[in-house]
Amino acid sequence: MKIPQHLAIIMDGNGRWAQKHHRPRVYGHVKGTRVAKKIIQECSRLGVKYLTLYAFSTENWLRPQAEVAFLMQILRRYLKRETQNLIKENIRFTIIGELDRLPSDVVASISSAMEATQHCTGLNLVFAISYGSRQELTQTVKAIAEKVALGHISIDEINEVTIQSNLSTATMPEPDLILRTSGEQRLSNFLLWQAAYSEFYFTEQLWPDFTEADLKDSFENYGSRQRRFGKIAHEHEIALN
Ligand code: IPE
Ligand code: IPE
Ligand code: MG
């Protein structure tokens, strides 16, 4: 089994799972959080270096206020209860996303979880919260434009590295594998720049039904892929020479 260095997951299908069980949507989010905890542990155990979890998108702010408030509450509770476990498991916690749209106490809890785990050297756990790739790219353009306006860099010096290093993911490798549950096959504004050469894995499984065994299936499948990055396969290169 090949373990991706950076796995990014679009945890989708909580609402449909709840509906299937004749429960309110928020019940699906509670179950989904439990699954997230298990998958975080399993990734840590298997030696994944970066795990990015899409938990809340910029567009998710448009959901009914009660659902948004519930999701914020889940986040509060997660940070409060899990920080000690993260430290114990040597997991470093960070987030990407538009922090200033979050309630201020949640921002404070995020900051303290990041601070408390910054010495951890195992799994890098990244929550994408209030995250949208277009918003991120817009911020990046502004940051670079400011550097140009201040005369720190010239327009000619702007290249792909300039862009990459001004993204919120600047310190992370690009995702090797992007996994989405619930049968939807789209990015929904997730890591648009970073996904240029990611492998995609879609499963019909709704997120609350996703298991460690499903995760391993996705890694098996990932291991069978040939990543060429626009070049030709290595063995063909040898044959040519
Ligand atoms: C994913 O599940 C969790 C979030 C987006 C917060 P959904 O809530 O999108 O579930 P479905 O897609 O409606 O089933
Ligand atoms: C994407 O799921 C965002 C998260 C999983 C957090 P959505 O359910 O919001 O995406 P769409 O609306 O189906 O594209
Ligand atoms: Mg959804």
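The values are calculated or read from the model by the stated rules, or taken from the named source; none is laboratory data. As the structure is a prediction and not an experimental result, all values here were calculated from the model. Methodologically, a virtual Cβ is constructed for each residue, glycine included, from the backbone with ideal geometry; neighbour enumeration extends over all protein chains shown.
Could you identify the single residue in Glu115, Glu98 that is touching an Asp or Glu at 6+ places or on another chain (Cβ under 9 Å), more than 19 Å from Thr33 (Cα to Cα) and surrounded by fewer than 21 Cβ atoms within 10 Å (Cβ to Cβ)?
Only one candidate passes the filter, namely Glu98.
Sort through Ile110, Ile87 and tell me the only one that's assigned to a helix (DSSP H, G or I) and crowded, with 19+ Cβ neighbours inside 10 Å.
Ile110
Taking Gln41 as meeting all but one of (1) touching a residue at least 40 places away in the same chain (Cβ under 8 Å); (2) assigned to a helix (DSSP H, G or I); (3) surrounded by 16 or more Cβ atoms within 10 Å (Cβ to Cβ); (4) not charged (D, E, K, R), write down the number of the exception.
Checking Gln41 against (1) touching a residue at least 40 places away in the same chain (Cβ under 8 Å); (2) assigned to a helix (DSSP H, G or I); (3) surrounded by 16 or more Cβ atoms within 10 Å (Cβ to Cβ); (4) not charged (D, E, K, R), the one that fails is (3).
Here is a list: Gln164, Gln185, Gln139. Which entry is part of a loop (DSSP other than H, G, I, E, B) and either within 13 Å of ligand 2 (Cβ to nearest atom) or of a type outside the set (Phe, Trp, Tyr) (or both)?
Just one listed residue meets the conditions, Gln185.
If a residue has to be of a type outside the set (Asp, Glu) and within 14 Å of ligand 2 (Cβ to nearest atom) to count, how many in segment 1-45 make the cut?
The qualifying residues number 19.
Sort out which residues of segment 44-60 are part of a helix (DSSP H, G or I) and more than 11 Å from ligand 1 (Cβ to nearest atom), and write them in order of number.
Ser44, Arg45, Leu46, Thr58
Determine which single condition Arg16 fails, assuming it passes every other condition in (1) farther than 22 Å from Arg92 by Cα; (2) part of a helix (DSSP H, G or I); (3) more than 9 Å from ligand 1 (Cβ to nearest atom).
The one condition Arg16 does not meet is (3).
Please find, among Phe93, Phe70, the residue that is outside any loop (DSSP other than H, G, I, E, B), more than 16 Å from ligand 2 (Cβ to nearest atom) and at pLDDT 95 or above.
Answer to the check: Phe93.
Of everything in segment 19-32, what is part of a helix (DSSP H, G or I) and surrounded by fewer than 21 Cβ atoms within 10 Å (Cβ to Cβ)? Give them in sequence order.
Gln19, Lys20, Arg25, Val26, Tyr27, Val30, Lys31
Mind checking which residues of segment 167-182 are within 16 Å of ligand 3 (Cβ to nearest atom) and either assigned to a loop (DSSP other than H, G, I, E, B) or in contact with a Lys or Arg (Cβ under 7 Å, 6 or more places away or on another chain) (or both)?
Thr181, Ser182
Restricted to segment 44-72, and to residues that are within 16 Å of ligand 3 (Cβ to nearest atom) and of a type in the set (Ser, Thr, Tyr), which residue is surrounded by the most Cβ atoms within 10 Å (Cβ to Cβ)?
Only one residue fits best here, namely Tyr54.
For the structure I just gave you, tell me whether Lys31 is within 16 Å of ligand 3 (Cβ to nearest atom) and closer than 16 Å to Thr211 by Cα.
yes
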